[in-house]
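The next block holds one structure in the form of structure tokens; read it before the comments.
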Amino acid sequence: SGVGKIIGDEGMQKRGEDRALRGHGEQKIGQDKAQRQENLDDAKNSAAAQKTKGAAQQAGGAMKEGAGRVMGNEQMEEAGRQARAEGVGRADKH
């Protein structure tokens, strides 16, 4: 836009303006993406999300513990107990 304006080339001026506009638009899109990612991160780390993750971890741990007990697999049963306890801690923290 600047050089085209100086030398009187309207085509060059228009291309420069288009390029500047495109650059501004791409910058705005980048800012919007960053804001969306920040919002998503905030939602993932919210107290409600952490409580939900804790409850899911408790349920998964209980299933694993029960399966280990039924199959006679003490390691699986213990791993399930640990997962359940961690889930309780996560849910209670928030």
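The values are calculated or read from the model by the stated rules, or taken from the named source; none is laboratory data. The structure presented is a predicted model; accordingly, all values stated were derived computationally and were not measured. Note: ideal-geometry Cβ built from the backbone for every residue, glycine included; neighbour counts use all protein chains shown. For accessibility, only protein heavy atoms count, side chains too; no ligands or nucleic acids. Shrake-Rupley method; radii C 1.70, N 1.55, O 1.52, S 1.80 Å.
The table below gives the values:
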{"quantity": "So residue 26, is it over 31 Å from the mean Cα position of the chain (by Cα) and of a type outside the set (Phe, Trp, Tyr)", "calculated": "no"}
{"quantity": "Any hit, the range 57-71, residues being small (Gly, Ala, Ser) and open to solvent by 60 Å² or more (accessible area, probe 1.4 Å)", "calculated": "no"}
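Rundown of residues vs (1) among the basic types (Lys, Arg); (2) within 30 Å of residue 84 (Cα to Cα); (3) in contact (Cβ under 8 Å) with a residue 12 or more places away in the chain; (4) assigned to a helix (DSSP H, G or I), yes/no style:
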{"residue": "12", "(1), (2), (3), (4)": "no, no, no, yes"}
{"residue": "16", "(1), (2), (3), (4)": "no, no, yes, yes"}
{"residue": "20", "(1), (2), (3), (4)": "no, no, yes, yes"}
{"residue": "34", "(1), (2), (3), (4)": "no, no, no, yes"}
{"residue": "58", "(1), (2), (3), (4)": "no, yes, yes, yes"}
